[in-house]
Amino acid sequence: MKVLTSATRGGRLAIAQTGIVISALKKVYPNIQIKTKKITTTGDRDRRTALWNLKDTGFFTSQVEDALLAGQADFAVHSFKDLPTHRREGLTIAAVCERQFPEDCLMAAGSVSSIEQLHQSAKIGTSSLRRAAQLRRLRADLKPTSIRGNVLTRVRRLEEGKFDAIILARAGIERLGLAKKISFCFDPEQFIPAPAQGALAVQTRTDDIATGELIAAINDKNASTVTLAERQVLVTMQCGCHAPVGAFAKIDGDDIEICAFISDLQGENFIRRRIKGPAAQTGKLAEKLANQLLNAGGKKILASLEQ
């Protein structure tokens, strides 16, 4: 078996996530040899622009995909939520790894165990309009404030007193061994995460059949199904990954249950819907749910965001 090369962002979390994929591959192929090629993305270079002000897609993924297409790597590992919903020509998702911790979590400067315990007008660091809208809906007095940088940078800024609390994806915190710093985790059915949050996508070239088949051995069927559902909501709504939209799906026997929302920036016009049906009809169910959101006022919200 030839030595494979994996393309990944160079941050500590990205390297840890690539390690998870490599470990999964080695369980299936004990003698496999894999090298890692670190790529610096636009998002890694620009750590000042608020994510909700970005117009381009693939902010954290395009350069990694470029390296894969150029043959500098055999596969690439991504945080699935960062990948644009429109598939890059020549590339395919060969596997979605087992998904853990899809929910968001909060780290506070003080000792708190719920959002109610945050003090009046607390300054909350977040790079997400989705999180900001849900925060404002829960407590209108809270002050969501843009924060950039990797996970460790954000934690340091919290510890330096720049924020009263920060909200992050629990999966990243767990993968970095920082779980003890979490004040509390949100229920993903109540505080809805980003589509595919917590999932790792392994991407290969479409024409590299051998590598695609090799990577497919670590695909997790449930993770693949629920992330398909969540991302289909974005596809149908034709909104970017930075819009105040969330989706969360879970498998229940032979069924899948999907909940999703769209909101204005203040969390005042908050539209939420839920659907359940056969997992075999995941794509159709997600599309139906997205259209329910659009017809209930989501179209007007998206139009206002483009102004």
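The values are calculated or read from the model by the stated rules, or taken from the named source; none is laboratory data. Note that the coordinates shown come from a computational prediction; the quantities given were computed from them, not determined experimentally. For neighbour counting, all protein chains shown are included, and Cβ atoms are generated from backbone atoms with ideal geometry for every residue, glycine included.
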Listed residues Leu214, Leu293; which is within 17 Å of Glu189 (Cα to Cα), more than 18 Å from the chain's Cα centre (by Cα) and assigned to a helix (DSSP H, G or I)?
Leu293
Single residue of the range 130-175 satisfying the filter (of a type in the set (Gly, Ala, Ser) and under 17 Å from Phe186 (Cβ atoms)) that is surrounded by the most Cβ atoms within 10 Å (Cβ to Cβ)
Ala133
Can you tell me which residues in the range 81-96 are at pLDDT 95 or above, crowded, with 19+ Cβ neighbours inside 10 Å and not in a strand (DSSP E or B)?
none
Being surrounded by fewer than 24 Cβ atoms within 10 Å (Cβ to Cβ), in contact (Cβ under 8 Å) with a residue 24 or more places away in the chain and assigned to a strand (DSSP E or B) is the filter here; which residues of the range 223-260 pass it?
Lys250, Ile251, Asp252, Asp255, Cys259
Can you name every residue in the range 277-307 that is of a type in the set (A, V, I, L, M, F, W, C), closer than 14 Å to Gln238 by Cβ and surrounded by 13 or more Cβ atoms within 10 Å (Cβ to Cβ)?
Ala286, Ala290, Leu293, Leu294, Ile301, Leu302, Leu305
Exactly one condition in (1) in contact (Cβ under 8 Å) with a residue 24 or more places away in the chain; (2) among the polar types (S, T, N, Q); (3) not in a strand (DSSP E or B) is not met by Gln203; state its number.
(3)
Ile124 fails exactly one of the following numbered conditions: (1) part of a loop (DSSP other than H, G, I, E, B); (2) in contact with a strand residue (DSSP E or B) (Cβ under 6 Å, 6 or more places away or on another chain). What is the number of that condition?
(1)
Consider Glu268 against the criteria (1) at pLDDT below 95; (2) surrounded by 17 or more Cβ atoms within 10 Å (Cβ to Cβ): it satisfies all of them except one. Which criterion is unmet?
(2)
Going through (1) touching a helix residue (DSSP H, G or I) at 6+ places or on another chain (Cβ under 7 Å); (2) free of Cβ contacts under 8 Å to residues at least 24 places away in the same chain; (3) among the basic types (Lys, Arg) one by one, Lys181 fails only at (2)
